[in-house]
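Visitor: A single structure is presented below for examination.
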Amino acid sequence: MSAVQSPVIPIVAEWTRARPGTISLGQGVVNYGPPKSAMDAIADFAADPENHKYKLVHGIPRLLETIQKKLAEENRIRVSDSQRIVVTAGGNMGFVNAILAVASAGEEVILLSPYYFNHEMAVSIAGCKCVVVGTDEKFRPRVGAIANAITRRTRAVVTISPNNPTGAVYPELILRQINDLCRDSGIYHIHDEAYEHFVWDGAQHYSPASDDGAWPHTISLFSLSKSYGFASWRIGYMVIPEHLFEAIRKIQDTILICPPVISQFAAAGAMKEGPAYCREKLKAIGEMRALVAEELKEIGRFCTIAPAAGAFYFFMKVHTHLDAMTMVERLIREHGVAVMPGSTFGMEEGCYLRIAYAALSKETVKEGIGRFVAGVKKIVGAA
Ligand SMILES: Cc1ncc(COP(=O)(O)O)c(C=O)c1O
């Protein structure tokens, strides 16, 4: 475990606590909770004393059926007899399940940089090697570079779209090319769709498992944490080829036995609302996105900000000799605003910062981004 990076969030949280009144634009969560239908479903859970016992490792039938329907309608993934849906305790658990199922210690997993830190940590915890491949100037995958990084020890390529931390939405063509590359190389494509509903500016979300013939080597990870305001309820799910089911059942049985049944009832209730629930919330989040984008123009000469048509992040490179951790610490201490340093996401060269804008009220985001802009101007302008 000493070889595994320590999450930076507790460090930033400590700095934030030490400077009362700091506004955090660091948290990758939404500012709303689950729909009422989720709470109503808890009554069904409570009505049957059998629900206090262990249930199926891979999820309760009512939730599995709801997910199957959703996948067909929203993702164009028609789950066949050759595939399985596995309910997990969140998307992170789905990722750990996938890595433990497909890779042995010493084998390699390709991550794209910047990566989601828990993915990097999971690969390291499994005793595997992360092979990190850079993305292009818009943070999109470079398929040729991924192909060049594949060795005989590679077991999987990991992609996230819409992306954390960059907000990039990967074009369908690129995801299909990665599918093909993985098929031809005899490895898996693990695709994380935690932000599937968060797309902007006409961008389209594409699920690579909907590609005909992709099922034998594609593992899709989903989460209710963001779309349904479900972060603390710990419900996600994965779509896997049938041949991985035994392995994943062993892993999940050992770690979890079954996803919390009360949360599964709530999830089945929440999903009755469909994507309309999240879409409704996107209006207010979209206003905050526009506000942040407008404010950031003020510091355009101090930073490079790539287009972000997805998730609820902006990922920027600040033109300064200061490293990201120093920048974050100074922004908190001197200006009362917290963001995440790019180094957490594997961007060690250069001062990258991630701004998250969905966790707070519009007024607080306005105040926070104002402080951020003033802070960057002062720190970089004076440097
Ligand atoms: C890309 C990505 N995957 C997974 C997760 C975690 O999701 P869950 O709460 O379902 O474990 C996050 C959370 O920020 C994320 O950004």
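Visitor: Within the range 146-158, identify whether any single residue is open to solvent by 30 Å² or more (accessible area, probe 1.4 Å) and part of a strand (DSSP E or B), and answer yes or no.
Guide: yes
Visitor: Looking at the range 314-339, which of its residues are closer than 20 Å to Ala293 by Cα and open to solvent by 10 Å² or more (accessible area, probe 1.4 Å)?
Guide: Correct list: Phe314, Lys317, His319, His335.
Visitor: Same structure again: Is it the case that some residue within the range 5-14 is touching a Gly at 6+ places or on another chain (Cβ under 8 Å) and in a helix (DSSP H, G or I)?
Guide: Yes, the range 5-14 has at least one match.
Visitor: Would the range 18-26 turn up any residue that is in contact with a strand residue (DSSP E or B) (Cβ under 6 Å, 6 or more places away or on another chain), at pLDDT below 95 and outside any helix (DSSP H, G or I)?
Guide: Yes: the range 18-26 contains one or more residues that are in contact with a strand residue (DSSP E or B) (Cβ under 6 Å, 6 or more places away or on another chain), at pLDDT below 95 and outside any helix (DSSP H, G or I).
Visitor: In this structure, is Pro260 open to solvent by 40 Å² or more (accessible area, probe 1.4 Å), within 14 Å of the ligand (Cβ to nearest atom) and more than 26 Å from Gly310 (Cβ to Cβ)?
Guide: yes
Visitor: While we're looking at this one, here's another question. When the residues of the range 353-381 are narrowed to those that are open to solvent by 30 Å² or more (accessible area, probe 1.4 Å) and among the hydroxyl-bearing types (Ser, Thr, Tyr), which ends up farthest from the chain's Cα centre (by Cα)?
Guide: Among those residues, the one meeting the criterion is Thr364.
Visitor: Select, from Ile85, Ile77, Ile42, Ile110, the only residue that is buried (at least 19 other Cβ atoms within 10 Å of the Cβ), out of contact with any Leu (no Cβ under 7 Å at 6 or more places or on another chain) and hydrophobic (A, V, I, L, M, F, W, C).
Guide: Unique residue meeting the criteria: Ile110.
Visitor: Look at the range 90-103 and say how many of its residues are within 16 Å of the ligand (Cβ to nearest atom) and either of a type outside the set (A, V, I, L, M) or open to solvent by less than 20 Å² (accessible area, probe 1.4 Å) (or both).
Guide: 8
Visitor: Just the residues that are within 20 Å of Gly346 (Cβ to Cβ), in contact with a Gly (Cβ under 7 Å, 6 or more places away or on another chain) and either away from the ligand (no atom under 16 Å from the Cβ) or of a type in the set (A, V, I, L, M) (or both), please, taken from the range 170-213.
Guide: Ala194
Visitor: Scan the range 242-255 and tell me whether some residue there is open to solvent by 30 Å² or more (accessible area, probe 1.4 Å), small (Gly, Ala, Ser), within 21 Å of Val96 (Cβ to Cβ) and more than 16 Å from the ligand (Cβ to nearest atom).
Guide: Yes, because at least one residue in the range 242-255 is open to solvent by 30 Å² or more (accessible area, probe 1.4 Å), small (Gly, Ala, Ser), within 21 Å of Val96 (Cβ to Cβ) and more than 16 Å from the ligand (Cβ to nearest atom).
Visitor: Please specify each residue of the range 12-44 satisfying the condition of being under 16 Å from Tyr277 (Cβ atoms) and more than 20 Å from the chain's Cα centre (by Cα).
Guide: If the condition is that a residue be under 16 Å from Tyr277 (Cβ atoms) and more than 20 Å from the chain's Cα centre (by Cα), then Pro35, Lys36, Ser37, Ala38, Met39, Asp40, Ala41 are the ones that fit.
Visitor: Would you list the strands (runs of 3 or more DSSP E) that sit entirely within the range 289-383 and hold 1 or more residues that are among the charged types (D, E, K, R)?
Guide: Because the criterion is at least 1 residues that are among the charged types (D, E, K, R), the strands (runs of 3 or more DSSP E) in the range 289-383 that meet it are 313-318, 351-356.
Visitor: Now for a separate question. Of the residues Glu273, Glu287, which single one is more than 16 Å from the ligand (Cβ to nearest atom), closer than 28 Å to Ile42 by Cα and surrounded by fewer than 22 Cβ atoms within 10 Å (Cβ to Cβ)?
Guide: After ruling out the rest, the residue left standing is Glu273.
Visitor: Now, a different point. Based on what the data block shows, is Asn163 over 22 Å from Pro307 (Cβ atoms) and within 16 Å of the ligand (Cβ to nearest atom)?
Guide: no
Visitor: Taking the residues in the range 215-235 that are modelled with pLDDT of 95 or more and more than 16 Å from the ligand (Cβ to nearest atom) as candidates, determine which candidate is surrounded by the fewest Cβ atoms within 10 Å (Cβ to Cβ).
Guide: That would be Pro216.
Visitor: Please find, among Glu50, Glu65, Glu137, Glu120, the residue that is of a type outside the set (Ser, Thr, Tyr), under 27 Å from Pro10 (Cβ atoms) and either within 14 Å of the ligand (Cβ to nearest atom) or surrounded by fewer than 15 Cβ atoms within 10 Å (Cβ to Cβ) (or both).
Guide: Among Glu50, Glu65, Glu137, Glu120, only Glu120 is of a type outside the set (Ser, Thr, Tyr), under 27 Å from Pro10 (Cβ atoms) and either within 14 Å of the ligand (Cβ to nearest atom) or surrounded by fewer than 15 Cβ atoms within 10 Å (Cβ to Cβ) (or both).
Visitor: Name every residue in the range 44-85 that is aliphatic (A, V, I, L, M) and either under 30 Å from Trp215 (Cα atoms) or touching a helix residue (DSSP H, G or I) at 6+ places or on another chain (Cβ under 9 Å) (or both), in order of residue number.
Guide: Ala46, Leu56, Val57, Ile60, Leu63, Leu64, Ile67, Leu71, Ala72, Ile77, Val79, Ile85 - these are the residues of the range 44-85 that are aliphatic (A, V, I, L, M) and either under 30 Å from Trp215 (Cα atoms) or touching a helix residue (DSSP H, G or I) at 6+ places or on another chain (Cβ under 9 Å) (or both).
The values are calculated or read from the model by the stated rules, or taken from the named source; none is laboratory data. Note that the structure is a prediction, hence the values are computed from the model and not measured. Glycine also receives a Cβ, built like all others from the backbone with ideal geometry; neighbour counts cover every protein chain displayed. Protein only, heavy atoms only, side chains kept; ligands, DNA and RNA dropped before computing areas. Shrake-Rupley method; radii C 1.70, N 1.55, O 1.52, S 1.80 Å.
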